[in-house]
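The values are calculated or read from the model by the stated rules, or taken from the named source; none is laboratory data. Remember, it's a predicted structure, so these values are computed and weren't measured experimentally. Because the Cβ atoms are built from the backbone with ideal geometry, glycine has one as well, and the counts that use them run over all protein chains shown.
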Amino acid sequence: MRGRNHFCRAILALGVTLLLASSSSSPGYAQGRCLTFGQARQTGLFARFNLRPAGAVKNAVEARTGGKVVSFLICRSGSGPVYQLTVVRPNGSVENITVPAR
């Protein structure tokens, strides 16, 4: 039963994350707006803003939390671009983590 509970939490977290991503992702990169990894790559955002490699950030967050990144967005904050990651930990808990993108 515990494994099933973990699976259900992970699916729920993924669904919520996808819902939030679809409602907050837009073609623009305005204050408070987020882009998916694919959108950011298509618009040249990584090169234009000299952002840290997304794969390295994802791997570091997974190593630090012991969880699995289920969502990865690039957002603009008051201090500049940030990565917003949603992580499902081994115990099924969901955590949102914001990391500076530069």
Could you give every pair whose Cβ atoms fall below 8 Å, whose first residue belongs to the range 31-59 and is without any contact (Cβ under 8 Å) to a residue 40 or more places away in the chain and acidic (Asp, Glu), and whose second residue is loosely packed, with under 15 Cβ neighbours inside 10 Å and not in a helix (DSSP H, G or I), counting only separations of at least 6 or pairs across chains?
-> none
Can you tell me which residue within the range 74-96, out of those that are in contact with a helix residue (DSSP H, G or I) (Cβ under 6 Å, 6 or more places away or on another chain) and in a strand (DSSP E or B), is surrounded by the fewest Cβ atoms within 10 Å (Cβ to Cβ)?
-> Val94
Name the residues in the range 26-49 that are surrounded by 10 or more Cβ atoms within 10 Å (Cβ to Cβ), modelled with pLDDT of 85 or more and either polar (S, T, N, Q) or on the phi > 0 side of the Ramachandran plot (or both), would you?
-> Thr36, Gln39, Gln42, Thr43
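Each row is one residue, and each column tells you yes or no for (1) touching a Lys or Arg at 6+ places or on another chain (Cβ under 7 Å); (2) surrounded by 11 or more Cβ atoms within 10 Å (Cβ to Cβ); (3) at pLDDT below 55; (4) over 15 Å from Tyr83 (Cβ atoms).
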| position | (1), (2), (3), (4) |
| --- | --- |
| Met1 | no, no, yes, yes |
| Ile11 | no, yes, yes, yes |
| Ala54 | no, yes, no, no |
| Val57 | no, yes, no, no |
